[in-house]
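Only one structure is covered here, and it is reproduced in the block below.
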Amino acid sequence: MRSDAIEELISNDPSWMVRWGITIFFFTLLFLLTIAWIIKYPDTVSAPLKITTIDAPKSIQAKIGGKLIKLFVQPNDSVNTNDILAFIESTASHEQVLKLSTDMDTISSLIQGGQVEIVSNHIKNNYAQLGEVQLAYQNFYSAYLQFKNYLSSGFYLAKKNYLYKDLNNLRQLQVSIQQEKIIYTQDYNLAEQAYKRKQQLANDKVIALSELKEEESKLLAKKMPLQQLTASAINNQSLQNDKQKELLELEKQIAEQKIFFYKLPIL
């Protein structure tokens, strides 16, 4: 005898998904494998390749045209940066141009290193055969002479030192004025106290009015130097301000001249 649950399971046919599921899965898997076999993804891709080197041969072209008068290298020779390869015909002396080029490189290094004071050791005015660059060098040399006035041995820095000395003297004078003013203020205070005592005596009819007037005159005489010292202190401070303005203006000129010389084209 079968139970009701078994009878129900036997009497009902399974659905098509249950009957054909394994077959459908098999064909789907077979289809995916076929597609994977047809469509390939290779690990390497063929492409054209050109190999070059950092030290590959390079063409050299002169910046100006001219007749070649001297050649220092031969075909297939190896050369380094800044090597001299040849001389082109020119009105200039090649030796002087090369010497000037070396001096300009040294000057440029000194300027960039902040060693402006020793630049003059490498600047000479004995280049007389520079040909096309003679005018450019003369302009450079003229600018250097103007800049030299701003160096430690020049006029402008000497003027700056004198201004600092004047300013220091004015400051010392200001201290002296203040000390003198303290002394005169104490003297004035003593005279004022004496005047107040005489004024009290005059109010009490102990001394004559003329004696009080005489003491008042002394007090006024003591007050006058104080006013003069105050005016001197104000005038001294004004002179100090003027010197400081001159120093600022001079330092501005020196800074501008240095910047101009730093940016001057080096031949």
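Every number here is computed from the coordinates shown, using simple stated rules; none is lab data. Model, not experiment: these values are computed from the prediction. In this analysis, Cβ positions are derived from the backbone assuming ideal geometry, glycine residues included, and neighbour counts consider all displayed protein chains.
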Problem - Proximal lysines relative to LYS50, as straight alpha-carbon distance under 23 Å, when same-chain residues fewer than 8 apart are discounted - result: LYS58
Problem - Estimated vicinal HN-Hα couplings, Hz - segment 73-82 in sequence order (Karplus 6.51, -1.76, 1.60; Gly, Pro = x) - result: 10, 10, x, 6, 6, 8, 10, 10, 4, 6
Practice task
Starting from the Cα of LEU33, step 7 Å along the direction of its Cβ; do the same at THR102; then give the gap between the two resulting points in nm.
Solution key: 8.4 nm
Practice task
Sequence neighbours fewer than 8 away in the same chain don't count; with that in mind, list the lysines whose C-alpha is under 16 Å from LYS213.
Solution key: LYS196, LYS198, LYS205, LYS222, LYS223
Completion exercise
One point scatterer per Cα, no solvent, Debye formula: log10 I(q)/I(0) for segment 155-262 at q = 0.16, 0.22 Å⁻¹ comes out as -0.79, -1.06
Completion exercise
Simple SL model, points at 7 angstrom along Cα→Cβ for GLN129 and THR23; separation in nm is 10.9 nm
Handout entry: Set of lysines with alpha-carbon distance to LYS245 below 22 Å, sequence-local pairs under 8 removed
Key = LYS159, LYS160, LYS165, LYS258
Practice task
Along Cα→Cβ, 7 Å out, is where each label goes; now give me the distance between the ones at SER210 and SER46 in nm to one decimal.
Solution key: 13.9 nm
Exercise for the section: In whole Hz, with x marking every Gly and Pro, tabulate ³J(HN,Hα) for segment 99-109 from phi via Karplus 6.51 cos²θ - 1.76 cosθ + 1.60, θ = phi - 60°. Expected result: 5, 5, 4, 5, 5, 5, 5, 5, 4, 4, 5
Handout entry: Table column - 3J(HN,Hα) (Hz), segment 217-225, Karplus curve with 6.51, -1.76, 1.60, x for Gly and Pro
Key = 5, 5, 5, 5, 5, 6, 6, 4, x
Problem - Built amide H within the under 5 Å cut-off of LEU130, gap 5+ - result: SER93
